[in-house]
1. Search segment 159-171 for residues that are within 19 Å of residue 120 (Cα to Cα) and pair each with any residue that is at pLDDT below 80 and exposed (fewer than 15 other Cβ atoms within 10 Å of the Cβ) when their beta-carbon atoms are under 7 Å apart and the residues are at least 6 apart or on different chains.
2. If you go through segment 252-293, how many residues are surrounded by 15 or more Cβ atoms within 10 Å (Cβ to Cβ) and part of a loop (DSSP other than H, G, I, E, B)?
3. Residue 91 fails exactly one of the following numbered conditions: (1) among the aliphatic types (A, V, I, L, M); (2) surrounded by fewer than 12 Cβ atoms within 10 Å (Cβ to Cβ); (3) under 30 Å from residue 262 (Cα atoms). What is the number of that condition?
4. Please count how many residues of segment 212-227 are more than 11 Å from residue 287 (Cβ to Cβ) and without any contact (Cβ under 8 Å) to a residue 40 or more places away in the chain.
5. Which of the residues that make up segment 7-19 are aliphatic (A, V, I, L, M) and either outside the structural domain of residue 30 (by TED's automatic domain parsing) or not in a helix (DSSP H, G or I) (or both)?
6. Please go through segment 7-18 and give me each residue that is touching a residue at least 24 places away in the same chain (Cβ under 8 Å) and surrounded by 15 or more Cβ atoms within 10 Å (Cβ to Cβ), ordered by number.
7. When residue 63 is evaluated against the numbered criteria (1) under 22 Å from the mean Cα position of the chain (by Cα); (2) in a loop (DSSP other than H, G, I, E, B); (3) surrounded by 18 or more Cβ atoms within 10 Å (Cβ to Cβ), which criterion, by number, is the only one it fails?
8. So how many residues does segment 71-90 have that are at pLDDT below 80 and farther than 25 Å from residue 49 by Cα?
Amino acid sequence: MLINDVCKKSKLTKKAVEYYEKNGLLKPKLAENGYRIYDEGDVLILKEISVLRKLGIQVVDIEAILKSDDKTAALSKCKRSMELMIEKTKMQYQRLDHLISDYNIQREFDDLDKAMENQFSIREKLLQLFPGNYGLYLSIHFGRFLDGKIDSIEKEAAYNQIIQYLDNQDDFEIPAELEGHLLNCFSGLDKPDMEKMDETLFSMLDNVEEYLEQNKDALNDYLKIRTSQEFKASPAYKFQQCLINFQQQSGYYDVLIHNLKILSPSYLEYTENMILANQRFIEKYPHAGELYS
């Protein structure tokens with residue numbers, strides 16, 4: 001069936017169906033004329049997505065549910081997150097009520113500080129402390145590892161080190177000749193695009209061998225480009241070198257990454273898996289070692 005038919009059966013708009021396709025939740029077949037062809041299985045997936053979205057579940061979590069062999073467990077995780085959100089909303093509602101009755105900012109300043117310790121995740125605290133694009137970057141790239149709480153003296157010390165590091169960090173200066181290139185590369189990316197790139201990376205880590213085998217042609221082409229003299233003369237390579245130098249000189253690895261591993265056991269596991277994946281990558285493609293030199 002064509003998209004008009006699948007929209008009628010799933011009661012979704014064309015834009016919604018296209019959005020879910022773009023985010024990898026749906027993979028219809030392509031006809032020779034370029035039209036996307038859907039079947040009843042696609043309709044069922046769209047109905048499942050529709051139900052989960054109406055229950056307030058985010059697209060990134062829906063993808064995990066669709067892929068999960070234990071949907072009950074995946075849903076239970078979403079339910080727990082929702083319970084925490086409800087608790088936080090109740091607390092905020094109560095504090096608003098207090099302010100309406102008696103607009104005492106000092107009292108709320110002190111009380112909310114204590115409430116944040118119990119109700120807000122580490123990720124939410126970082127978003128509060130670093131509003132704007134800085135906090136958004138932290139949330140997208142590290143947020144999945146920071147949904148826990150600070151529940152030990154060691155974690156509290158690591159958290160304070162991270163806050164101090166981030167707050168005292170000089171702005172990352174980009175040479176003027178590279179600014180235009182950077183804007184062109186990222187101007188079309190929005191938050192879902194960035195989250196999708198992270199999801200692709202996590203999918204790869206789940207089965208490195210399968211990923212390397214299924215994408216060997218693309219990886220060979222990628223390495224050919226990345227190790228070429230043309231790439232090393234490009235703005236993309238120059239920006240990469242600027243970023244590497246900034247990270248090495250600013251204590252990015254020694255302070256931020258080191259303390260993130262203490263603060264989040266899941267981030268520690270992720271970095272260990274990344275090391276193993278890179279080792280396997282270099283074993284299979286020895287010339288890839290040039291990328292890390």
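1. 163/129
2. 2
3. (2)
4. 9
5. Step one: list which residues in segment 7-19 are aliphatic (A, V, I, L, M), which gives 12, 16-17.
Residue satisfying the conditions is 12 alone.
6. First, pick out the residues of segment 7-18 that are touching a residue at least 24 places away in the same chain (Cβ under 8 Å): 9-12, 17.
Matches in segment 7-18: 9, 10, 12, 17.
7. (2)
8. Total satisfying the criteria: 2.
The values are calculated or read from the model by the stated rules, or taken from the named source; none is laboratory data. This one's a predicted model, so the numbers in the text were calculated from it and none came from an experiment. Neighbour counts are summed over all protein chains in view; Cβ atoms, including those assigned to glycine, are modelled from backbone coordinates with ideal geometry.
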